[in-house]
């Protein structure tokens, strides 16, 4: 377990599949992810199984509230380049009751601290839809800066969307 102030990042368990399936079929959540719904239960079950036995270049976590240990979201560090010491990451808070309460911000802070202090990485990056102002605001508040923009990179809901690349370096957190 990796503890933050208000969240815990823990390994996935098989029992997490129902929640993950529900979240990955919720249009309010999926619109912030580069995935398309609906996702079959079996597909989510297979993804979770792979996440529980991740490759060396990825780490996957369930996000829990620290106070009641409720599973409220998912996070991952992926495409880890152990030579260049950088990686991509992603996360979402799936439980609506946990939205806008600081859990996402704390999960970001906890993941960044883990990536830099325990994994010895020096840079983390994340792709965010340009229309996701809430995510951009939280990430920028945690020290991330926009490093680039992929224009008209993703087609959804009848229109093209830009993706911004936000990153943070280890020295920005010290």
**OP:** Determine, yes or no, whether residue 2 is closer than 22 Å to residue 120 by Cα, modelled with pLDDT of 95 or more, surrounded by fewer than 20 Cβ atoms within 10 Å (Cβ to Cβ) and in contact with a helix residue (DSSP H, G or I) (Cβ under 7 Å, 6 or more places away or on another chain).
**Re:** yes
**OP:** Kindly list the number of the only condition in (1) free of Cβ contacts under 8 Å to residues at least 40 places away in the same chain; (2) surrounded by fewer than 19 Cβ atoms within 10 Å (Cβ to Cβ) that fails for residue 44.
**Re:** (2)
**OP:** Any chance you could count how many residues in the range 117-174 are part of a strand (DSSP E or B) and either in contact with a strand residue (DSSP E or B) (Cβ under 6 Å, 6 or more places away or on another chain) or under 19 Å from residue 105 (Cβ atoms) (or both)?
**Re:** 27
Original post:
Is there a residue in the range 2-18 that is closer than 25 Å to residue 161 by Cβ, in contact (Cβ under 8 Å) with a residue 40 or more places away in the chain and not in a loop (DSSP other than H, G, I, E, B)?
Top reply: no
**OP:** Would you check if there is a residue in the range 71-94 being part of a loop (DSSP other than H, G, I, E, B), more than 19 Å from residue 26 (Cα to Cα), out of contact with any helix residue (DSSP H, G or I) (no Cβ under 8 Å at 6 or more places or on another chain) and touching a residue at least 40 places away in the same chain (Cβ under 8 Å)?
**Re:** no
Subject >> Every residue from the range 113-139 that is within 23 Å of residue 163 (Cβ to Cβ), in contact with a helix residue (DSSP H, G or I) (Cβ under 6 Å, 6 or more places away or on another chain) and either surrounded by 21 or more Cβ atoms within 10 Å (Cβ to Cβ) or modelled with pLDDT under 95 (or both) >> reply: 121, 124, 128
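The values are calculated or read from the model by the stated rules, or taken from the named source; none is laboratory data. All values reported here derive from a predicted model rather than from experimental measurement. Methodologically, a virtual Cβ is constructed for each residue, glycine included, from the backbone with ideal geometry; neighbour enumeration extends over all protein chains shown.
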